[in-house]
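Report on the structure given below.
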Amino acid sequence: MIFEFTDGSKLFYNDFRQFGYLKLVTDKELPNVPELQNYGPEPISPKFAIAQFRDILARRPNMKIKQFLMDQSLIAGIGNIYSDEILFSAKVRPTRTVSSLKGEERRELFKGIKKILQDAVDHHGSSVGDFIRPDGDWGTYGQIHRVYGRAGQKCKVCGSMIKSLKFNGRTGSFCPQCQK
Ligand SMILES: [Zn+2]
């Protein structure tokens, strides 16, 4: 599907892996689209503020923070790659429970969500696997991953070995020195 905009730019929707689909609705129907009821807030939106993040954290005190970040019903749009990178930027281990997070760690996670996702958009994504840009180029965020996909390599900050762990069937990576 190709969307053509009035400024001449185009948006290509090319869903190799068939994770997604398109549904055409009117503005009036939009707030009640059933598919959208299952998603948490859009984290990159300016409307997503730290008070809302704190409220969502308070709803899941026993959840592990990596699982929390990847739960689309709590916050939309964070998957395995960006949860690893957000946790590294906040210096928090993926296995921590939400209730164990200190106030400052919650602030750093919130800042990390905004920063990492914006950086990824600015770099046109990670291009892990088969994702490419419409012009055929790769996204370049993958080149600056600090932990994701780097298990067994040295941490770019402290030089320790990046470790990986299985997490609900997904592999997460973290620095045992930088992340507490
Ligand atoms: Zn480190």
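When the residues of the stretch 151-180 are filtered to those that are part of a strand (DSSP E or B) and touching a residue at least 24 places away in the same chain (Cβ under 8 Å), which remaining residue is farthest from the chain's Cα centre (by Cα)?
Only one residue tops the list, namely L165.
Of the numbered conditions (1) closer than 11 Å to I113 by Cα; (2) part of a helix (DSSP H, G or I); (3) in contact with an Asp or Glu (Cβ under 9 Å, 6 or more places away or on another chain), F48 fails exactly one; give the number of that condition.
Here F48 meets the rest and fails (2).
Answer yes or no: is there a residue in the stretch 110-119 that is part of a helix (DSSP H, G or I), charged (D, E, K, R), modelled with pLDDT of 95 or more and open to solvent by less than 30 Å² (accessible area, probe 1.4 Å).
Within the stretch 110-119, none of the residues are part of a helix (DSSP H, G or I), charged (D, E, K, R), modelled with pLDDT of 95 or more and open to solvent by less than 30 Å² (accessible area, probe 1.4 Å).
List the number of the failed condition for Q37; all other conditions in (1) open to solvent by less than 100 Å² (accessible area, probe 1.4 Å); (2) part of a helix (DSSP H, G or I) hold.
(1)
Is at least one residue of the stretch 66-82 outside any loop (DSSP other than H, G, I, E, B), touching a Lys or Arg at 6+ places or on another chain (Cβ under 7 Å) and touching a residue at least 24 places away in the same chain (Cβ under 8 Å)?
yes
Would you call K163 at pLDDT 95 or above, among the basic types (K, R) and under 18 Å from I78 (Cβ atoms)?
Spelling it out, it is not the case that K163 is at pLDDT 95 or above, among the basic types (K, R) and under 18 Å from I78 (Cβ atoms).
Being more than 16 Å from the ligand (Cβ to nearest atom), under 12 Å from the mean Cα position of the chain (by Cα) and within 22 Å of F19 (Cβ to Cβ) narrows it down to one of I113, I86, so name that one.
Just one listed residue meets the conditions, I113.
Of all residues in the stretch 151-179, which are within 11 Å of the ligand (Cβ to nearest atom), open to solvent by 30 Å² or more (accessible area, probe 1.4 Å) and within 21 Å of M70 (Cα to Cα)?
K163, P176
Could you say which residue among K102, K91, K66 is within 20 Å of H145 (Cβ to Cβ), at pLDDT 95 or above and open to solvent by 60 Å² or more (accessible area, probe 1.4 Å)?
When all the criteria are applied, what remains is K91.
Only one of I50, I65, I56 is under 28 Å from R96 (Cα atoms) and in contact with a Leu (Cβ under 6 Å, 6 or more places away or on another chain). Can you tell me which?
Testing whether each residue is under 28 Å from R96 (Cα atoms) and in contact with a Leu (Cβ under 6 Å, 6 or more places away or on another chain) leaves just I56.
The values are calculated or read from the model by the stated rules, or taken from the named source; none is laboratory data. Keep in mind the model is a prediction, meaning the values are calculated, not measured. Methodologically, a virtual Cβ is constructed for each residue, glycine included, from the backbone with ideal geometry; neighbour enumeration extends over all protein chains shown. Calculation scope for accessible area: heavy atoms of the full protein, side chains included, ligands and nucleic acids excluded. Shrake-Rupley method; radii C 1.70, N 1.55, O 1.52, S 1.80 Å.
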